[in-house]
Structures are given as structure tokens and as C-alpha cells.
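Chemist: Handing you this structure, nothing more for now.
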Amino acid sequence: MVIRVFIASSSGFVAVSTADTGGRPGLRLRGGARVRVLRGARRSALHVPARPAAGAGARRCSITPGPQWKGRAAEIKKKQQDVVRFLEANKIEFEEVDITMSEEQRQWMYKNIPPEKKPAQGNPLPPQIFNGDRYCGDYDSFFESKESNTVFSFLGLKSRLASTAEP
């Protein structure tokens, strides 16, 4: 079995997109306003259609992500990198699955996380780790197993310590 690490690429805006946007990257706000992601030469921005005045044409306003969002994205990226570096350092075969690029993979991930492991509100955030179709856990579970030196058991793999020890 191959370890699968579900991640979100650097285009984190798409990671919060919902399925009800007609297949285009974006999300819906309360009230049905559709937000779409526009990438410029220097930065990404969310463009939200403003409510047009009666008889006026549609207007747009730009929202640049604030420090709170940027901090959360950096935290997710750091956690993803921690998992990937560990797997690479220990020569564990794995596959990165970018949920921002595949709605099908994102839905598969959500569907295959046990209900007791899902957050009370919202969707589970990456990284989420699977061994084939078996759910291993999220980053917090991975970190706890790393601290207690039980990562191979957490991943459902045989420990390599016995096979790499020299006499």
C-alpha cells in the first residue's frame, strides 16, 4: 500500500471553494454572492460582485486576504511540509494528492475520514493521511505519533528499525 497525503497547494483560495460554483474555482458567500479567484502578476485577489444599485450595472470590489488568512495558510503549509519531509527522510513511499486541483479527490478525502475524526464545524483541513483506503489521521495525530516514536504503527507500516540496525 502507498501512503497518500492529501494536501492543499499554494493556491489556498481554491481549497476553500465549494462544489456549488458551477465547477469553477471560487466560493459562495452567505446570500449567494459568488467569489472567484483572480491571479495577477504580483498577487492573488478575491473579487466579489458588489450589490448593484437599482438600474445600475454590476460593480466589483476587490478583497485582499488579510494577515489572519495568510497565517492560517502558512500553518497548513508548514504542517504539510513536516509530513512530507518525514516521509522522504525515512524513504517511505508516498503520493501527494492535491485537493485544490481535484474536486473528486477532495470529496473522496472528506467521505473517507471517519465521522468521529471530523471537526465539529467545517471540513477537515489538510494534511490528511491515508494508507491506501485506510485513514491514518490528521497532522495532530501524526505529530503525536512522531513524538512517541510510533509513526510506522500510525501509518500501518512495519518498523524499519530492526532491518536497519547494524550488529
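Chemist: Of the cross-linked pairs Lys77/Lys146; Lys78/Lys158; Lys78/Lys146; Lys91/Lys111, which ones have a Cα-Cα span greater than 23 Å in the structure shown?
Modeler: Going by Cα-Cα distance, Lys78/Lys158; Lys91/Lys111 fall outside the 23 Å limit.
Chemist: So how much slack lies between Lys111 and Leu157, counting 0.36 nm per residue of separation and subtracting their Cα-Cα distance, in nm?
Modeler: Working: separation 46, 0.36 × 46 = 16.56 nm, distance 2.33 nm.
Stretched fully, the Lys111-Leu157 segment lengthens by 14.2 nm.
Chemist: Under a crude label model (7 Å from the Cα following the beta-carbon direction), how far is Gln121 from Asn149 in nanometres?
Modeler: Modelled inter-label distance: 4.1 nm.
Chemist: OK, next. How would you order 81-87, 122-128 from highest to lowest mean count of nearby Cβ atoms within 10 Å?
Modeler: In descending order of packing, they fall as 122-128, 81-87.
Chemist: Testing the spin-label approximation: label points 7 Å from Cα along Cα→Cβ at Gln81 and Asn131. State their distance in nm.
Modeler: In this crude spin-label approximation the distance works out to 2.8 nm.
Chemist: With labels modelled as points extended 7 Å from the Cα through the Cβ direction, what inter-label distance (nm, one decimal) is found for Glu96 paired with Asp140?
Modeler: About 2.5 nm, to one decimal.
Chemist: Amide H neighbours of Cys136 under 5 Å, counting only residues 5+ apart in sequence or on other chains, H built in-plane at 1.01 Å?
Modeler: When sequence neighbours closer than 5 places are left aside, the close amide H contacts are Ile129, Phe130, Asn131.
Here, each number is a calculation from the coordinates, and none is a lab measurement. Note that the coordinates shown come from a computational prediction; the quantities given were computed from them, not determined experimentally. Note: ideal-geometry Cβ built from the backbone for every residue, glycine included; neighbour counts use all protein chains shown.
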